[in-house]
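Undergrad: One structure, pasted below without further comment.
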Number of protein chains: 2
Amino acid sequence: MTRAWNFSAGPAMLPTAVMERIAEELPDTNGSGMSAMEMSHRGTAFQAIAQATEADLRDLLDVPDDYRVLFLQGGATALFATLPLNLANGSGRADYIHSGHWSGKAIAEARRYCRVNVAGDCEPRGFSRVPEAGEYRMDPAADYVHITPNETIHGLRFPELPETGGRPLVADYSSAILSEPLDVRDYGLIYAGAQKNIGPAGLCLVIVRDDLLTGAREDTPSLMDLRAQAQAGSMLNTPPTFAWYVAGLVFQWLKEQGGLAVMAERNRVKAGLLYQAIDDSDFYRNPVAAECRSLMNVPFFLADPQLEGRFKQEAAEAGLLNLGGHRAIGGLRASIYNAMPLEGVKALVGFMNDFERRYG
Amino acid sequence: MTRAWNFSAGPAMLPTAVMERIAEELPDTNGSGMSAMEMSHRGTAFQAIAQATEADLRDLLDVPDDYRVLFLQGGATALFATLPLNLANGSGRADYIHSGHWSGKAIAEARRYCRVNVAGDCEPRGFSRVPEAGEYRMDPAADYVHITPNETIHGLRFPELPETGGRPLVADYSSAILSEPLDVRDYGLIYAGAQKNIGPAGLCLVIVRDDLLTGAREDTPSLMDLRAQAQAGSMLNTPPTFAWYVAGLVFQWLKEQGGLAVMAERNRVKAGLLYQAIDDSDFYRNPVAAECRSLMNVPFFLADPQLEGRFKQEAAEAGLLNLGGHRAIGGLRASIYNAMPLEGVKALVGFMNDFERRYG
């Protein structure tokens, strides 16, 4: 199996053990005579997969009984509309924290359906740190408070959650879900596009507290009605069955690794190694405040931006792929999700040191 | 490779050759060092797959240059809302032909966004035939005319298209796309959920004439804006990359088989064999008028409905899976898409004859 170190921000590397299992089970999954991708979503074979997948996720995140788990389509971007259509049904106002590119997208879409108060804005400081506790300007009548706990592009994370005064906290966890333990009870709703830490693109995981499922605005497309989806077991229409199945394999793999506390420790070691390499050098630079640095997405810049193209090309030749920064901010970026082993990060750090020696 | 004959209506059987190729390419697709499911959608490796997939589809269906091909999420059900949100922007009225369960669903969703005129209704005749030319009651000011050329549940197809007086014909081709040649120019927009004749669930194919991409209603969720999706090459957000890749393998397989004329001939032979077995017997029954019978979905009923459970159970034991009718109408149903070989249909007919001998 020829496998490169793939630092893509998403769709991203999956554990090689999961890839091998997919290949093995493709013609005939669980003795069904067909692949998971060929199963009727309403048949017993797929129902068993769907239920086991949800059960494993509930185990991993210790999801309380009064939270529903949904497996939807459209990625986090579909949720950007789904959230106000379902949750901004009191005052019609919502608090959003602007901490990077993706929360900016969430705000733009929410503005089409409700009144958004930007309760904290990290842009004036170049998205280099999240607001401190006293800096939030919340709207006490807002129906919910939205954060992006980990910003994939800016590599910024919330070291602690904002105080919401009892209003539901809604979090786009796309690039950090399952990277460390979290307390689901801190949130009213958690959502995450699958293509980073869960499985193939085309699946969006939602964990939502029962009491928030009060029904969507009348003009909401049926598929975006969270209450209806919960009532239908995420099967208002045919769900993305194969992505759901692969998510289940990833959840099993995470349990085999020892669960999220073990993954968190591994992720801290991986990220620590990479940030150390950056901080030890004047050749590389990461602008994010130490306590707000992402464990999953590590953007970095070269003192001489002219060298970026060469860096990417030589890295690719060395089997280190997809190290370009997002076109929104340029530079370089290494995404080091759960599936990236320490060995891959060591290979990257070795390359970085070597590149600096040659061009620094 | 232990493979059953899988008669599921969708997600459905895929060609075994395609399954083998997926397994082979999983760890390392096209020498990229990663699976198609791990590729960044904006990277050159996936862009090559995406473009080849579209080119092969254009080849197979001879798609004219002034039609865009989109690879979206949410299945046909997402399109049920997307259509009026994008196309009912003149009079705000639309003609729909009610020819079965799925056109009924399309109508219900469209009614939330525009005024629907049911221009033909097959329900009074138990969905046993489509309207004849003189029976349509079109609204000449309607912005478009919607049909479901093949009804998956009722097994009903349109032997010829209704006359629309120049208004765009919009067709939900989910269960018949690529089963035979069609003239794209007859349609303003064709859409199809992938999970029957294209690939894994979670992908919805759209073929739309340029001049219809005038922009969506203001309250349309961004992902449902067809013009914006066309401008973004179906990548307003991360598309379902793996499903897109598998669709590409299916398109390649169809070309290797000789294209859609060859598939159509095979499909006529397969369906003919099955309908013949039903018609030659008083034990089995299909209520659809001969000229309106689907080539893809063959519902049938037993003279004694009490025997249906036994039929399904014994069929499954014989490796003939998913023969239950949809819960909306009961009975039995065999879906025989492109991936079902003649051998599978012969096995089913053999079983049916045997079952009749034993219980008839």
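Undergrad: Going by a 1.4 Å probe on protein heavy atoms, which residues of the stretch B:204-246 end up with at least 40 Å² less accessible surface in the whole assembly than in their chain alone?
TA: B:D219, B:P221, B:S222, B:L223, B:N237, B:T238, B:F242
Undergrad: So how far apart, in nm, are the two label points at A:A108 and A:R327 if each is 7 Å from Cα heading toward Cβ?
TA: Computed distance between label sites A:A108 and A:R327 equals 1.3 nm.
Undergrad: Show which aspartates and glutamates lie in cross-link reach of B:K346 when reach means a straight Cα distance below 19 angstrom and same-chain residues fewer than eight apart are skipped.
TA: Leaving aside aspartates and glutamates fewer than 8 places away in the same chain, those within reach of B:K346 are B:E265, B:D279, B:D280, B:E314, B:E317, B:D354, B:E356.
Undergrad: I need to check one value: relative contact order of the stretch A:23-96, counting alpha carbon pairs closer than 8 Å and at least 6 residues apart, in percent.
TA: Details: 24 pairs, mean separation 8.2, N = 74.
It rounds to 11 percent for the stretch A:23-96.
Undergrad: Using only the Cα atoms of the stretch B:86-232, each taken as one equal point scatterer with no solvent, compute I(q) by the Debye sum, divide by I(0), and report log10 of the ratio at q = 0.11, 0.14, 0.17 Å⁻¹.
TA: Calculated log10 I(q)/I(0) at the listed q: -0.40, -0.66, -1.01.
Undergrad: Now for a separate question. For the pair A:D186 and B:K255, what calculated FRET efficiency results from E = 1/(1 + (r/R0)^6), where r is the Cβ-Cβ distance and R0 = 45 Å, to the nearest 0.05?
TA: Details: r = 53 Å, r/R0 = 1.17.
That pair, B:K255 with A:D186, gives E of 0.30.
Undergrad: On to the next question. Is any helix in chain B, taking whole DSSP H runs, at least 15 angstrom long along its axis by alpha carbon and on average at least 0.5 on the Kyte-Doolittle scale, and which ones?
TA: Details: long enough: B:44-61 (26 Å, 0.24); B:75-87 (18 Å, 1.27); B:241-257 (24 Å, 0.39); B:260-279 (27 Å, 0.24); B:342-359 (25 Å, -0.21).
Going by DSSP H runs, the hits are B:75-87.
Undergrad: Let me ask something else. Quick one: among B:T220, B:T77, B:T148, which has the greatest mean-square fluctuation in a GNM of chain B with alpha-carbon springs under 10 angstrom?
TA: B:T220
Undergrad: Treating only the Cβ atoms of Lys and Arg (+1) and Asp and Glu (-1) as charged, compute the dipole magnitude of chain B about its Cα centre; round to the nearest 20 debye. Before the final figure, lay out the partial values.
TA: Values: 33 positive and 44 negative charges, 135 e Å.
Result for chain B is approximately 640 debye, rounded to the nearest 20.
Undergrad: Between B:L189, B:L156, B:L321, where does the largest GNM mean-square fluctuation fall for chain B, given springs only between Cα atoms within less than 10 Å?
TA: B:L321
Undergrad: Here's something else I'd like to know. Would you mind classifying the stretch A:214-270 by shape? Square roots of the alpha carbon gyration tensor eigenvalues, ordered a ≥ b ≥ c; an a/c under 1.5 is rounded, otherwise it is prolate if a/b is larger than b/c and oblate if not.
TA: On the way: a/c = 3.73, a/b = 2.28, b/c = 1.63.
Taking the square roots of the gyration eigenvalues as a ≥ b ≥ c, the stretch A:214-270 is prolate.
Undergrad: Based on the alpha-carbon gyration tensor of the protein assembly as shown and its eigenvalue square roots a ≥ b ≥ c, which shape applies: rounded if a/c is under 1.5, prolate if not and a/b is larger than b/c, or oblate?
TA: Numbers: a/c = 1.87, a/b = 1.57, b/c = 1.20.
Prolate is the answer for the protein assembly as shown, as a/c is 1.5 or above and a/b outweighs b/c.
Undergrad: So what is the relative contact order of the stretch A:251-336, in percent, for Cα pairs below 8 Å that sit 6 or more residues apart? Intermediate values should be presented prior to the final figure.
TA: Working: 85 pairs, mean separation 21.2, N = 86.
Answer for the stretch A:251-336 is 25 percent.
Undergrad: Would you work out what percent of the accessible area of the stretch B:47-155, with all protein chains in place, is carbon or sulfur (probe 1.4 Å)?
TA: On the way: 1780 of 3820 Å².
C and S atoms contribute 46 percent here.
Undergrad: List the relative contact order of chain B as a percent without decimals, with contacts defined as Cα pairs under 8 Å and 6+ residues apart.
TA: Working: 676 pairs, mean separation 81.9, N = 360.
Here the relative contact order equals 23 percent.
Undergrad: Using 0.36 nm per residue of separation minus the Cα-Cα distance, give me the extension gain between A:R357 and A:A232 in nm, one decimal. Intermediate results must be reported in sequence, preceding the final value.
TA: Values: separation 125, 0.36 × 125 = 45.00 nm, distance 5.84 nm.
Computed gain between A:R357 and A:A232 is 39.2 nm.
Undergrad: What does the charge dipole of the stretch A:251-360 about its Cα centre add up to, to the nearest 20 debye, if the Cβ of each Lys and Arg holds +1 and the Cβ of each Asp and Glu holds -1?
TA: Working: 13 positive and 13 negative charges, 56 e Å.
The dipole of the stretch A:251-360 has a size of about 260 debye.
Undergrad: Taking only protein heavy atoms into account and a 1.4 Å probe, give the accessible area per residue of chain A in Å².
TA: Numbers: 12850 Å² over 360 residues.
Accessible area per residue: 36 Å².
Undergrad: Chains B and A: what accessible area do they bury, summed, in square angstrom to the nearest 100, with a 1.4 Å probe?
TA: Details: alone 15080 and 15040 Å², together 25730 Å².
In total, this chain pair buries about 4400 Å².
Undergrad: Report the residue, chosen from B:Y275, B:Y337, B:Y96, that carries the largest GNM mean-square fluctuation when chain B is represented by alpha-carbon nodes joined by springs under 10 Å.
TA: Taking springs between Cα atoms under 10 Å, the residue moving most is B:Y275.
Undergrad: Take every Cα-Cα distance within the stretch B:1-141, group them into 5 Å bins from 0 onward, and report for each bin the whole-number percent of pairs it holds.
TA: Cα pair-distance distribution for the stretch B:1-141, in percent: 2, 7, 11, 12, 14, 15, 13, 10, 8, 6, 3, 0.
Undergrad: So what is log10(I(q)/I(0)) for the stretch A:130-214 at q = 0.16, 0.18, 0.27 1/Å, when the Debye sum runs over its Cα atoms only?
TA: -0.66, -0.83, -1.46
Undergrad: Okay, moving on. In the stretch B:247-360, carbon and sulfur make up what percent of the accessible area (probe 1.4 Å)?
TA: 49 percent
Undergrad: Then there's this: What do you get when you divide the Cα radius of gyration of the stretch A:271-321 by 2.2 N^0.38 Å, with N the number of residues?
TA: Details: Rg = 11.7 Å, N = 51, 2.2 N^0.38 = 9.8 Å.
Computed over Cα atoms of the stretch A:271-321, the ratio equals 1.19.
The values are calculated or read from the model by the stated rules, or taken from the named source; none is laboratory data. Since this is a predicted model, take the numbers as computed values, not measurements. For neighbour counting, all protein chains shown are included, and Cβ atoms are generated from backbone atoms with ideal geometry for every residue, glycine included. Accessible surface is based on the protein model in full, side chains and every heavy atom, while ligands, DNA and RNA are left aside. Shrake-Rupley method; radii C 1.70, N 1.55, O 1.52, S 1.80 Å.
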